[in-house]
Amino acid sequence: MALGVVPSGKTLRRNFRNSRKVFLGALLFHRCYGEKKRTVRKELEKVTRNSGYQVEIRFDRESLGALNIEILSEEGLPDREDSFFPMAQEKLMVDKYVQLIRSAYEGLSKNDSPIDILILVPGPTGLVTDWVKAALRQFEAEEGVGFNDLCDEKNRRHTCENDKIRLCSFHSSRGLEGGNVMVFGFDRLEYMAKKLEFSANNLGYIALSRAIVCTTVVLPPFSSAIKFLLEEIGRELSAGVDIPTDLPLSLE
């Protein structure tokens, strides 16, 4: 969605399929990432204030939805200088990824299908992408649920099967949506944005706004600007802020 300026005193009306917290989480990240003078609380107040520049947002989902941050521990791994570290790290991460995928699968309602799970990775190749694919293959071997690899451009030309989970890169996920979206490797956002010659704020917004109900961002335990910002957004959105169903937002 292009966050264009609405003429003063005018109101546009847009309808969103995703829930309110998912939308606001993505919007707040877009506004605040890399902006030292902006705080999440102040930006949240700005977008919910009554101003002359408004876009009236209608949400299809009555549920507020969720933006979850999952921090994966590397406890039990050998020292990084140890020659066995890469192998041990891969096994640990793949096992943890399988647990997260299984949790999302078991959380599907009777009206949902595996296609409602959309998994996003930084790009078609890379360490995190390899771990996620290994986890999906392991999950398929254990549960009989496969995946559509939309990181491969030729696979995007075909209709995805309802009985398979979808895997896609951040950038290529534009136009896609899923009931539950899992974002892996979001700490690689800046690197991928530079590689694609794309705005990190816009790429982050794309990845964080694909969910209809719930976005889960999976991060390593290390401190980073992205981790701190997402945790701050999560705290503010969980603080009982009143977000009405018909929400006039100031998007200037």
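The values are calculated or read from the model by the stated rules, or taken from the named source; none is laboratory data. Keep in mind it's a predicted model, so treat the numbers as computed, not measured. In case anyone asks, the SASA skips ligands and DNA or RNA and just uses the protein heavy atoms, side chains included. Shrake-Rupley method; radii C 1.70, N 1.55, O 1.52, S 1.80 Å.
In terms of accessible area, using a 1.4 Å probe and ignoring ligands and nucleic acids, LYS110, LYS133 rank largest first as LYS110, LYS133.
Extent along the principal axes, Cα only, for segment 112-252: 43, 34, 29 Å, with the longest axis given first. GLU106 sits with roughly 130 Å² accessible to a 1.4 Å probe, with DNA, RNA and ligands left out of the calculation.
Which of the lysines could be linked to LYS36 by a straight reach, that is with a Cα gap under 29 Å, when you skip same-chain ones fewer than 8 residues away? Cross-link targets: LYS21, LYS46, LYS194, LYS195, LYS227.
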